[in-house]
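Right, one structure below, let's go through it.
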Amino acid sequence: MGMTQRPPERPLDGQVALVTGAALRIGRGTAVALAKAGAHVVVNYRTSRKGALEAVEEIKALGVDAMAARADVSNPREVRAMFQAIQRRFHRIDLLVNNAAIFYSVPWERLAPRDWDQILGTNLKGTFFCAQAAARIMTRQKCGQIVNISSLGGLQAWPDYMHYCCSKAAVIMLTKCLAKALAPYVRVNSIAPGTILFPGEERDPRMMKRARSAPLQIPGQVSDIADLVVFLATRNRFMTGQVIAVDGGKSIN
């Protein structure tokens, strides 16, 4: 008589997670990883509707519920509408992953007000507006977690990405401020990815050079970030206000 196979562990069974910018890349990988852990997932997107709908189908195939929610996180009105839709559908929220971000280079001498407005609007203000809306629900529930995806660029100086680095450094400080403000019921931490290789995308020689300059000499994968989000969501009881660099050791160079 064969052994009965135990069902896979689903530590987030019945919980609800929102991942911003979840149609592609780290956001999508994180959304799927949370679904595999048993969470119902809200897939936020701004322009990548096709990717978001595909992510929803992939998540539903795992036996949990999912919905796509279009919102520009830099717009407080759209953020409020998104959270109202989440409450109507799920009546709670247990985890917010602030992943939506904009990343592009501009030499410092050509940085214009519109560049600062665009980067800070999504990367910093969007992170705050979503955290603010989620925290109002979580504090009423007396439980919840927020994970802000920052960046190695928030810890190191990249001159051609000055506006981006400043926005991500601000996200790290925002994480610490929120952790104090929302304790003891809501834990807030940040993950700072280094060089990540995205599936199906061509290897940029400059990116590979940066990866090789780190102590581990390899790029990271989406799963390196997604798995850590799941760890924080399922195993974290005693950590808040922290930034965890997942960068092959680049931050210690």
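Can you find even one residue in the range 166-177 that is surrounded by fewer than 16 Cβ atoms within 10 Å (Cβ to Cβ) and either within 22 Å of V243 (Cα to Cα) or of a type outside the set (D, E) (or both)? It would help to see each step written out before you state the result.
Let us first name the residues in the range 166-177 that are surrounded by fewer than 16 Cβ atoms within 10 Å (Cβ to Cβ), namely 173, 177.
The next check asks that each one be either within 22 Å of V243 (Cα to Cα) or of a type outside the set (D, E) (or both); those that pass are 173, 177.
Among the residues of the range 166-177, at least one is surrounded by fewer than 16 Cβ atoms within 10 Å (Cβ to Cβ) and either within 22 Å of V243 (Cα to Cα) or of a type outside the set (D, E) (or both), which makes the answer yes.
Within the range 211-224, can one find any residue that is more than 15 Å from the chain's Cα centre (by Cα) and in a helix (DSSP H, G or I)?
Yes - at least one qualifying residue is present in the range 211-224.
How about the range 46-73: which of its residues are within 19 Å of N98 (Cα to Cα) and touching a Gly at 6+ places or on another chain (Cβ under 7 Å)?
V73, the sole residue that qualifies.
Go through the range 106-135 residue by residue and tally those that are touching a residue at least 60 places away in the same chain (Cβ under 8 Å) and surrounded by fewer than 18 Cβ atoms within 10 Å (Cβ to Cβ).
Total satisfying the criteria: 0.
Residues being surrounded by fewer than 18 Cβ atoms within 10 Å (Cβ to Cβ), not basic (K, R) and not in a helix (DSSP H, G or I): count how many of those fall in the range 73-101.
2
Go over the candidates M138, M207 one by one and state the one that is in a helix (DSSP H, G or I), without any contact (Cβ under 8 Å) to a residue 60 or more places away in the chain and within 19 Å of the chain's Cα centre (by Cα).
On the way: M207 fails: within 19 Å of the chain's Cα centre (by Cα).
Criteria check complete, one pass: M138.
Out of everything in the range 218-240 that is out of contact with any Gly (no Cβ under 7 Å at 6 or more places or on another chain) and surrounded by fewer than 17 Cβ atoms within 10 Å (Cβ to Cβ), what residue ends up being farthest from M138 (Cα to Cα)?
Here the residue is Q221.
List, please: which pairs have Cβ atoms under 8 Å, are six or more places apart or on different chains, and start with a residue in the range 176-196 that is touching a residue at least 60 places away in the same chain (Cβ under 8 Å) and end with one that is of a type in the set (V, I, T) and surrounded by fewer than 23 Cβ atoms within 10 Å (Cβ to Cβ)?
Final answer for the pair search is A179/T240; P193/V246; I196/V222.
So, A157, is that one in a loop (DSSP other than H, G, I, E, B) and small (G, A, S) or not?
yes
Of everything in the range 166-202, what is under 20 Å from A133 (Cβ atoms), part of a strand (DSSP E or B) and of a type in the set (V, I, T)? Give them in sequence order.
Answer for the range 166-202, where residues must be under 20 Å from A133 (Cβ atoms), part of a strand (DSSP E or B) and of a type in the set (V, I, T): V186, V188.
Exactly one condition in (1) more than 25 Å from P107 (Cα to Cα); (2) touching a residue at least 24 places away in the same chain (Cβ under 8 Å); (3) surrounded by fewer than 18 Cβ atoms within 10 Å (Cβ to Cβ); (4) among the small types (G, A, S) is false for S213; which is it?
(1)
Each reported figure results from applying straightforward, stated rules to the coordinates on display, with no laboratory input. Owing to the predicted nature of the structure, the values given are computational and were not obtained by experimental measurement. Neighbour counts are summed over all protein chains in view; Cβ atoms, including those assigned to glycine, are modelled from backbone coordinates with ideal geometry.
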